[in-house]
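Since the structure comes first, as structure tokens, the remarks are kept for the end.
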Amino acid sequence: MDVRISPSSALTGAVRLPGDKSISHRYGMLSAIAEGVTKLHNYSTGADCHSTLACMSSLGIVIEKDGTEITVHGKGLHGLKEYAGTLDAGNSGSTIRMLSGILAGQHFTSRIEGDESLARRPMARIMKPLAEMGAVIEARDGSYTPLVIKGGKLKGITYTPPVASAQVKSCVLFAGIYADGVTTVNEPIKTRDHSEIALESFGAEIQVMGKQVSITGGRPLIGCELSVPGDLSSAAFFLVAATMAKKARVLISGVGLNPSRSALLDFLASNGAKIKIQDIRSGSGEISGDLLVENADFQGGVIDRAMAAALIDELPVLAVLGAASANGLTVRDASELRVKETDRIATVAENMRRMGIEISTFEDGFHVPGKQKFKGAEVESFGDHRIAMAFAVAGLAAGGETLVKEAEAASVSFPEFYDMLNNLRS
Ligand code: S3P
């Protein structure tokens, strides 16, 4: 499906976003290995999070779906059943990396793979700690799907991941649920802490001290009732679109504001964006609130070090904003962008150039000069949801019509995106 985006100078209205992708994955997995029923409200509508549920169903878990209301009939830590086929993680790195931690603790062998994009993404980062814990994992060329995971008895380890990755941290902690003794992860840079919060909600014995997280193995998880806040990474597309518009006033309600995710709001606000955070509330350890965003003169800036890790999913759409900013945007220390759903340094640069935007790239980032004007063009999603949505946003600010090819990629995290964007046009 190709989507045509005509320029729009004004955006007004209100949106309520689908549930957070990161949180939905964790709730989907942990509820399956918890004892008893878990009710999940506002579960993500994204295909990725439904890949997680499909894997849990293949592993013998009964899951009822009523729109975004999900009921999971958990079977406890040892209730999963061996699946004779290949578990399908689809496009989802979170599914395969985090679920591998759980599969490592099972007394059976699992085979898991996903689509072509997932087949290019490195898995050695989770294989190494899981092997240290006692799992035996085979992968194509030592790091790529399909993975064959021979689970079994695991022992607790202390692990320092070489890259800052919440997926790796979560994988090790989820394996730690099954391990003898205590499993500890020392993070080089603190990453999103949704797993820690979710584990606590399901009653795990978990301790957090700064960048160190420990879990005690062998303790049961207990089913519960949880609401997923709206996805801040999805909100990013509207925050940028509204900031760039000539006139905008958009209310985004019920967005997750977990401090380990909200660097986006700090970066935008401290460089000129007009965003008001209203009506902050908390539930099951996760914070949410409403965001009111208006058009503004964005200054641009530099994103590097810990900031690059904290904003990693938002960098494609921030690149778009950078081109329209007063001083441009420089991103460094973000080589992880090269191993996302696409090589996002290359795919951002390709689409920017098609839209007449100057950009220079580095191995670990890019520089986009400011005060540039987008021209309407044909751009590609490259099958990457965040690339599709970032360039739909660029299309709003362009001088002519933009065609986003294979725009349906957005449905991996945000199937409602184009309709919601359209409804805000005035
Ligand atoms: C995620 C962590 C990040 C992020 C991804 C979701 C998570 O990946 O890019 O979209 O839910 O833990 P890494 O752990 O690879 O940095």
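A cut-off under 14 angstrom between Cβ atoms defines the neighbours of residue 277, and their net charge, with Lys, Arg +1 and Asp, Glu -1, is 0.
Which whole-number value in Å² is the accessible area per residue of the stretch 21-227, probe 1.4 Å?
On the way: 7380 Å² over 207 residues.
Each residue of the stretch 21-227 exposes 36 Å² on average to a 1.4 Å probe.
With the cut-off at 29 Å, tell me which of the pairs 169/274; 155/211; 211/274; 247/375 have Cα atoms farther apart than that. Pairs exceeding the cut-off: 169/274; 211/274. Shape class for the stretch 21-227: rounded, because the ratio a/c of the largest to smallest gyration tensor axis (alpha-carbon atoms, square roots of eigenvalues) is under 1.5. Please state the relative contact order of the stretch 21-227 as a whole percent: Cα pairs under 8 Å, 6+ residues apart? Once normalised by length, the contact order is 22 percent.
With a Förster radius of 35 Å applied to the C-beta separation of residue 371 and residue 189, the computed FRET efficiency comes to 0.60.
When the chain is described by a simple charge dipole with +1 on each Lys and Arg Cβ and -1 on each Asp and Glu Cβ, the residue from 133, 254, 307 located farthest towards its positive end is 307. When DSSP beta bridges are limited to those with both residues in the chain, what percentage is antiparallel, rounded to the nearest 5? Antiparallel bridges make up about 70 percent of those DSSP assigns within the chain.
Seen from residue 180, the other residues with C-beta closer than 14 Å to its C-beta sum to a net charge of +1, counting Lys and Arg as +1 and Asp and Glu as -1.
For the chain, the alpha carbon positions stretch 60, 43, 41 Å along the principal axes, listed from largest to smallest. Centre-to-centre, using Cα atoms only, the stretch 393-426 and the stretch 259-291 are separated by 23 Å. Run through the DSSP bridge list for the stretch 21-227 and note the antiparallel percent, rounded to the nearest 5. Once the DSSP bridges in the stretch 21-227 are tallied, antiparallel ones form about 75 percent.
Other residues within the sphere of radius under 12 Å centred on the Cβ of residue 198, judged by their own Cβ, net out at -3 (K and R +1, D and E -1). For the chain, adding -39500 (n - 2.57) for each run of n ≥ 4 DSSP H residues and dividing by the number of residues yields -9500 deg cm²/dmol at 222 nm. Bridging of residue 153 to aspartates and glutamates at a Cα separation below 15 Å is possible for 132, 180, once same-chain residues fewer than 8 apart are set aside. Put +1 on the Cβ of each Lys and Arg and -1 on the Cβ of each Asp and Glu in the chain; which of 359, 41, 291 then has its Cα farthest toward the positive end of the dipole? Most positive-ward Cα: 359. Ligands, DNA and RNA left out, the 1.4 Å accessible surface of the chain is 50% carbon and sulfur atoms.
Peptides 23-33, 361-371 ranked from most to least packed give 23-33, 361-371, packing being the mean of other C-beta atoms within 10 angstrom over each peptide's residues. Using 0.36 nm per residue and subtracting the Cα-Cα separation, the extra length available between residue 292 and residue 73 on full extension is 75.1 nm.
The values are calculated or read from the model by the stated rules, or taken from the named source; none is laboratory data. If you're wondering where the values come from, they're calculated on a predicted model, not measured in any experiment. Reconstructed Cβ throughout: ideal geometry from the backbone, glycine too, with neighbour counts over all protein chains shown. Just so you know, the surface numbers come from the protein's heavy atoms only, side chains and all, with ligands and any DNA or RNA stripped out. Shrake-Rupley method; radii C 1.70, N 1.55, O 1.52, S 1.80 Å.
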